[in-house]
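The structure under discussion appears below in the form of structure tokens.
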Ligand code: SF4
């Protein structure tokens with residue numbers, strides 16, 4: 001699947017793949033033999049917990065990284081009313097220079113992919129409402 005943030009840009013950034021205390025529930029979901037579970041981020045570094053697959057500033061499972069990671073900075077979540085929406089994190093540096101049109105075009109691509117792959121059948125992928133994210137489409 002296509003990703004909106006170039007890998008080079010991802011590797012330059014030191015913000016992702018870590019989850020601040022109290023936000024570990026936003027860690028990605030991994031699938032193994034049809035079973036889904038959240039990646040456990042136990043290693044504490046400063047004020048955050050780091051993904052166990054994040055080593056020397058790279059993702060060691062890059063080619064097979066979880067769906068949540070592939071679509072980042074997009075996110076499937078519920079809105080304030082409980083409806084499922086597609087949202088994105090405007091603060092992601094990988095979006096720098098991207099126009100609103102490019103972001104919306106990628107959102108439309110992602111929606112088609114999500115529907116085609118039946119991603120929403122698995123409620124694990126639907127995260128709680130996060131006020132920091134910008135809603136771009138209903139799902
Ligand atoms: S699986 Fe890879 S991309 Fe996803 S949070 Fe962990 S280190 Fe980052």
Query - Candidate set from region 22-41 (those that are out of contact with any strand residue (DSSP E or B) (no Cβ under 7 Å at 6 or more places or on another chain) and over 18 Å from residue 88 (Cα atoms)); member that is modelled with the highest pLDDT - result: 40
Requested in this report: Please specify each residue of region 43-63 satisfying the condition of being exposed (fewer than 10 other Cβ atoms within 10 Å of the Cβ) and over 20 Å from residue 10 (Cα atoms).
Outcome: 46, 47
Report summary line: The correct count of residues that are over 12 Å from the mean Cα position of the chain (by Cα) and assigned to a loop (DSSP other than H, G, I, E, B) in region 1-42 is 15
Query - Criterion violated by residue 124 - all others in (1) touching a residue at least 40 places away in the same chain (Cβ under 8 Å); (2) out of contact with any helix residue (DSSP H, G or I) (no Cβ under 7 Å at 6 or more places or on another chain); (3) part of a helix (DSSP H, G or I); (4) within 19 Å of residue 2 (Cβ to Cβ) satisfied - result: (4)
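Listed here are the residues, each with its yes/no results for (1) part of a helix (DSSP H, G or I); (2) away from the ligand (no atom under 14 Å from the Cβ); (3) under 14 Å from residue 136 (Cα atoms); (4) at pLDDT 95 or above.
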{"residue": "70", "(1), (2), (3), (4)": "yes, no, no, no"}
{"residue": "85", "(1), (2), (3), (4)": "no, yes, yes, yes"}
{"residue": "97", "(1), (2), (3), (4)": "no, yes, no, no"}
{"residue": "102", "(1), (2), (3), (4)": "yes, yes, yes, yes"}
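So in region 14-25, with the set limited to residues that are touching a residue at least 40 places away in the same chain (Cβ under 8 Å) and more than 11 Å from the ligand (Cβ to nearest atom), which one is farthest from residue 63 (Cα to Cα)? First the steps, then the outcome.
Filtering region 14-25 for residues touching a residue at least 40 places away in the same chain (Cβ under 8 Å) gives 14-17, 25.
Among the residues that remain, those that are also more than 11 Å from the ligand (Cβ to nearest atom) are: 14, 25.
Working: 14: 19, 25: 23 Å.
Out of the qualifying residues, it is 25.
The values are calculated or read from the model by the stated rules, or taken from the named source; none is laboratory data. From a predicted model like this one, the values you see are computed outputs, not experimental measurements. Backbone-built Cβ (ideal geometry, glycine too); neighbour counts: all protein chains shown.
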